[in-house]
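Student: Quick one: the structure is below, and I'll ask about it shortly.
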Amino acid sequence: MPEPMEDYGNNLGGVGGALLEVADVSKTFRSKAGEVRAVDGVSFTAQQGEVVVIVGPSGSGKTTLLYILGSLEKPDQGKILVSGEDICAPGVDLIAYRRRRVGFIFQFFNLVTALTALENVALPMDLSAVPSAEQERRAVELLERMGIDRRLQRTRANRLSGGEKQRVAIARALANDPQIILADEPTGNLDSATGGTVVDILVRLAREDGRCVLIVTHDESILGVADRAFHMADGRLSPR
Amino acid sequence: MRALKRGFRSFRRHPAANLVVVLLLFVCLTFCLSMLAVKLAADSQTEAVKGRIGNYGEIRSSSGYMMSTFERERGKSEAERAREVRGMSEEEELEERAKTLVPEELADAFSRHRYILTYDKILTAGVTVPGIKNVELSSMLDLSKEIKEGAAASGITEHTFVFEGNTNGASASEFLNGSKRLIAGSFYTYADHLEANPVVLVERNLADENGIEVGDTVTARVSGESGKKAEVKLEVVGIYETVEAERQSQKGSFATFNPAGNKFFAPLSVVQTLNKTPGYVELGSYYFDSVDHTEELREAFAEARGDSDRYEFVTDEADYRLISDPLEKVGKTSLIGFGGALGASALIILLAMAIIVGGRTRELGVLKAIGATDRQVVTQYAVEVLCICLVAIALATLATALVSQGIGDWLLSGSENGRVVEEGEEASGYAAMMARLTERNLYKEGGLFSLPGGEKEEAQLNVVYQGRMLAYGILILLGISLLGMAIPVAWINRLEPARVLSME
Ligand SMILES: Nc1ncnc2c1ncn2[C@@H]1O[C@H](COP(=O)(O)OP(=O)(O)OP(=O)(O)O)[C@@H](O)[C@H]1O
Ligand SMILES: [Mg+2]
């Protein structure tokens, strides 16, 4: 297997430069109905503080790619280097990776419905054994930053509106202060105004905090905020 | 610790679903625990009964032998009998007098069996005490001329008293079972028996009527002897009263005649002398360790007795069975009920957890996706299961305390009805009548003159909440909780977050 840095080097160059380096990643689903090559030889890099937007039609493999990057799905081939470390290599602590390195914003919010907004945001910290006072302090701070007021913080997740849910989901993704934010259709279930707000928030996470924000969407309008934009079709990625 | 908190929070946040499971479990567990309580009660009751009943036996002249002797005697005329006695040697005469008695050696030998705990030898005899009048007997004899003549022919007069002899006054069955009570003086002792000290215990009313006090002497006559050598002076060492007299006299007309009411108690050796049957006893009475060894003792007795059917070894096993059989039946039934209810509880928790976990696959996916280890997830669910089971079993424990006695009584009444039917099928007619006539009470129950079949103890079920129940409750709790945990454990291992998170 060729050294990925050589073949898929980024503009900024150098192994130490890129926060995220994806090299020749493929994933094929096999079922009775047949084979689907959901992700097909995808390679790209992303830096700290960058907003990367991948646009593609439904079924083009966006979610699958994001799951692979979040370690929820194993690629058939290829490498994913995060700060130079291959998360697909055997023996990598995927639990720690999911907890600290990436924050996931799911296509369908995926909040824990029985918990309040505050408890949802505190949950990743709770799993990482953050002291409960600290959990609460940080969860309140994050929710406040997302514009979720005190009353909504104490509201059960299933009673929140779509936009509120999505903002709580973003706050939860930020709970353990990850460098990489993976957002799957963050505006998909929201009206355009609310969607705009959410995109603004995500952009600020890159600009203000210096995180790497990866957004996959079929919504071309988001392309405007991208530092780096790709088009995805039939599992293949092409720059725009 | 955090997983515990999360599990408990999850339990509180799903009140409706959990309540349904708790209720279903509660019903099953209540049934389960009640059955267990009944089973434990039945077992411990049986054990308790074992300590008191079924561990008594006595060696005595067999009913069959008594019957045939009786038949033979009846065929003889008074003159024949007198002639027979006159022509007898001393040994033959003793043999004749002791024909319905048991040789002391046989009784002694049997007492050495390893299961025998205590034993006593008893001889009851009609003894003439010329100086005192048996008021009750004489009023009976006065009823008709025939009775009086018949009685006189068998040597019974208004001065005839029942003498009961045993090896130790205090352990005479009526003193042991509380129907008689010493009120003055003291009991004769084993030493009195060994040394054949002429001492006696007298009934209170008889003592009052005849002005007898402790320390006085009464003169009794050795039966079959005459003249000076027939007289034995007996010192009154104690006076007793009959506690049960009142109750017995209410039982019926026959019971109002109670010759045992003014019975004399004396050392066995003294009664043997008075009855002129040295070396013979009416019965050997034994307490052994438990009803479980009845069969061994029977075999040992059969071996000691040899081929002769002259003696028999009878026990109060039937009394024990009368109590233990219904209890055993209840125990069996409740064990089956317990098993069924436990199975149902297991099924409920399995189904409930399958539904609960199945309904929360998305939550499981989220937890895994944000970095929960399988252990964290399983612990959280385990706590939730434990909470459900704990609440259910706590409620069930309370309910059990309320209903288990009722269930126990109900089961017991069911099994006793069965018994009554069996008794109804008992043989009737001549055979049954003869059987009843020859049915003798055990000495343990108060001896020869107490009423047969008076009060037999009945099976009772006292379902108390034993400490053992708590231990079993905890075991059941752990068992069904573990079973319930198996579901999330199995689920979480197969769960792929990528699959469940994209659903909507
Ligand atoms: N577990 C799976 N088994 C089989 N096929 C799958 C599986 N997951 C995804 N696919 C298929 O892979 C392809 C890519 O799916 P994916 O969900 O990544 O698309 P997407 O771009 O996110 O679409 P959408 O915009 O509708 O969310 C689709 O054709 C899909 O049917
Ligand atoms: Mg998708």
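Student: Picking from B:366, B:283, B:480, whose Cα lies most toward the positive end of the charge dipole for chain B (charges on Cβ: Lys, Arg +1; Asp, Glu -1)?
Tutor: After comparing all options, I get B:366.
Student: Hey, another quick one. Between residue B:241 and residue B:318, with labels modelled 7 Å along Cα→Cβ, what's the label distance in nm to one decimal, could you check?
Tutor: Each label point lies 7 Å from its Cα, and together they span 3.5 nm.
Student: If you place +1 on the Cβ of every Lys and Arg, -1 on the Cβ of every Asp and Glu, and leave all else neutral, what size is the dipole of region B:55-315 about its Cα centre, to the nearest 20 Debye?
Tutor: 540 debye
Student: Whole number in Å², please: accessible area per residue of chain B, 1.4 Å probe, ligands, DNA and RNA not counted.
Tutor: Per residue, chain B has an accessible area of 49 Å².
Student: OK, next. Mind giving me the nanometre distance, one decimal, between the label points for residue A:191 and residue A:76, set 7 Å out from Cα along Cα→Cβ?
Tutor: The modelled label-to-label distance comes out at 4.4 nm.
Student: Could you give the distance between the Cα centres of region A:118-183 and region B:80-111, to the whole Å?
Tutor: The distance from the Cα centre of region A:118-183 to that of region B:80-111 comes to 106 Å.
Student: If I take every Cα pair under 8 Å that is 6 or more residues apart in region B:55-315, average their sequence separation and divide by the length, what percent do I get for the relative contact order?
Tutor: Dividing the mean separation by the residue count of region B:55-315 yields 35 percent.
Student: Something else about it: Quick check on chain B: what are the equivalent-ellipsoid semi-axes from the Cα gyration tensor, as sqrt(5λ), descending, whole Å?
Tutor: Values for chain B, descending: 73, 22, 20 Å.
Student: Working from Cα positions, state the angle (0 to 90°, nearest 10) between the long axis of helix B:374-424 and the longest principal axis of chain B.
Tutor: Rounded to the nearest ten degrees, it is 30.
Student: Starting from the Kirkwood Rh over alpha-carbon pairs, what translational D in µm² s⁻¹ does the protein assembly as shown have by Stokes-Einstein at 37 °C and 0.692 mPa s?
Tutor: Approximately 95 µm²/s, per Stokes-Einstein.
Student: Name the residues of region B:86-114 whose amide N is less than 13 Å from a point 7 angstrom out from the Cα of residue B:295 along the C-beta direction?
Tutor: Output list for this probe position: empty.
Student: Another one. Calculate the all-directions average of the projected area of region A:170-233's alpha-carbon convex hull, and give it in nm².
Tutor: Here the figure is 4.4 nm², rounded to one decimal.
Student: Using the charge dipole of chain A (Lys, Arg: +1 at Cβ; Asp, Glu: -1 at Cβ; taken about the Cα centre), state which of A:153, A:75, A:90 has its Cα farthest towards the positive end.
Tutor: Checking the options against the dipole of chain A, the answer is A:153.
Student: Averaged over A:106-115, how many beta carbons belonging to a partner chain fall within 10 Å of each residue's beta carbon?
Tutor: Other-chain Cβ atoms within 10 Å of each residue's Cβ, averaged: 6.
Student: Ok, one more. On full extension of the chain, what length is gained from residue B:149 through residue B:233, given 0.36 nm per residue of separation minus the C-alpha to C-alpha distance?
Tutor: 27.4 nm
Student: Between residue B:398 and residue B:84, take the C-beta separation as r, use R0 = 60 Å, and let me know the FRET efficiency to the nearest 0.05.
Tutor: 0.20
Student: At 222 nm, what value in deg cm²/dmol follows for chain A if DSSP H runs of at least 4 each add -39500 (n - 2.57) and the sum is divided by all its residues, to the nearest 500?
Tutor: -8500 deg cm²/dmol
Student: About the Cα centre, and with charges only on the beta carbon of Lys, Arg (+1) and Asp, Glu (-1), how big is the dipole of region A:142-240? Nearest 20 debye, please.
Tutor: Computed charge dipole of region A:142-240: roughly 420 debye.
Student: Can you compute the FRET efficiency between residue B:374 and residue A:29 using 1/(1 + (r/R0)^6), with r the Cβ-Cβ distance and R0 = 22 Å? Round to the nearest 0.05.
Tutor: 0.35
Student: Over chain B, what percent of the accessible surface lies on carbon and sulfur atoms, probe 1.4 Å?
Tutor: Roughly 59 percent, rounded to a whole number.
Student: Report which residues of region B:1-34 become buried by 40 Å² or more of accessible surface when going from the isolated chain to the complete set of protein chains (1.4 Å probe; DNA, RNA and ligands ignored).
Tutor: Checking the loss per residue gives B:2, B:6, B:9, B:13.
Student: May I pose another question? Just reorder B:329, B:121, A:79, A:74 by solvent-accessible area, largest first, 1.4 Å probe, all chains present.
Tutor: A:74, B:329, A:79, B:121
Student: If every alpha-carbon in chain A counts as one equal scatterer, what log10 I(q)/I(0) does Debye give at q = 0.08, 0.09, 0.13, 0.16 1/Å?
Tutor: Here the Debye-derived log intensity ratios amount to -0.29, -0.37, -0.78, -1.16.
Student: Quick check on my link table: of B:121/B:444; B:133/B:233; B:133/B:263; B:148/B:180, which ones sit more than 19 Å apart, alpha carbon to alpha carbon?
Tutor: B:148/B:180
Student: Right, another one. Run lengths n ≥ 4 of DSSP H only: what is the helix-derived mean residue ellipticity at 222 nm for chain B, with -39500 (n - 2.57) per run over all residues, to the nearest 500?
Tutor: About -18500 deg cm²/dmol.
Student: Moving on to the next point. What is the magnitude of the charge dipole of chain A about its Cα centre, with +1 placed on the Cβ of each Lys and Arg, -1 on the Cβ of each Asp and Glu, and no other charges, expressed in debye to the nearest 20?
Tutor: For this selection, approximately 780 debye.
Student: Which lysines, on any chain, are close to residue A:165 with Cα under 22 Å apart, when same-chain ones fewer than 8 places away are left out?
Tutor: Within the straight-line cut-off, residue A:165 pairs with A:62, B:368.
Student: Compute the FRET efficiency between residue A:43 and residue A:108 as 1/(1 + (r/R0)^6), taking r as their Cβ-Cβ distance and R0 = 22 Å, and round to the nearest 0.05.
Tutor: FRET efficiency, residue A:43 to residue A:108: 0.20.
Student: Please give the per residue volume of the convex hull enclosing the alpha carbon atoms of region B:55-315, rounded to a whole number of Å³.
Tutor: Enclosed volume per residue, from the Cα hull, is 152 Å³.
Student: Return the carbon/sulfur percentage of the accessible area of region A:132-186, one whole number, probe 1.4 Å, all protein chains in place.
Tutor: Roughly 41 percent of what the probe reaches on region A:132-186 is carbon or sulfur.
Student: Can I ask one more? How far is helix B:467-494 tilted off the main Cα axis of chain B, in degrees rounded to 10, range 0 to 90?
Tutor: 20 degrees
Student: Taking 0.36 nm per residue of separation and subtracting the Cα-Cα distance, what length does fully extending residue B:304 through residue B:486 add?
Tutor: The residue B:304-residue B:486 span can extend by a further 59.2 nm.
Student: Taking only C-alpha pairs under 8 Å that are 6+ residues apart, what is the relative contact order of chain B in percent?
Tutor: 30 percent
Student: Can you tell me the accessible area per residue over region A:105-155, all protein chains present, probe 1.4 angstrom, in square angstrom?
Tutor: 38 Å²
Student: Angle check, please: helix B:2-13 long axis (alpha carbons) against the longest principal axis of chain B (alpha carbons), in degrees 0 to 90, nearest 10.
Tutor: 90 degrees
Student: To the nearest 100 Å², how much accessible surface do chains B and A cover up together, summed over both, with a 1.4 Å probe?
Tutor: 2300 Å²
The values are calculated or read from the model by the stated rules, or taken from the named source; none is laboratory data. Because the structure is a prediction, the values reported are computed rather than measured. Every residue, glycine among them, receives a Cβ derived from its backbone with ideal geometry; neighbour counts consider all protein chains shown. Side chains included, ligands, DNA and RNA excluded: accessible areas come from the protein's heavy atoms. Shrake-Rupley method; radii C 1.70, N 1.55, O 1.52, S 1.80 Å.
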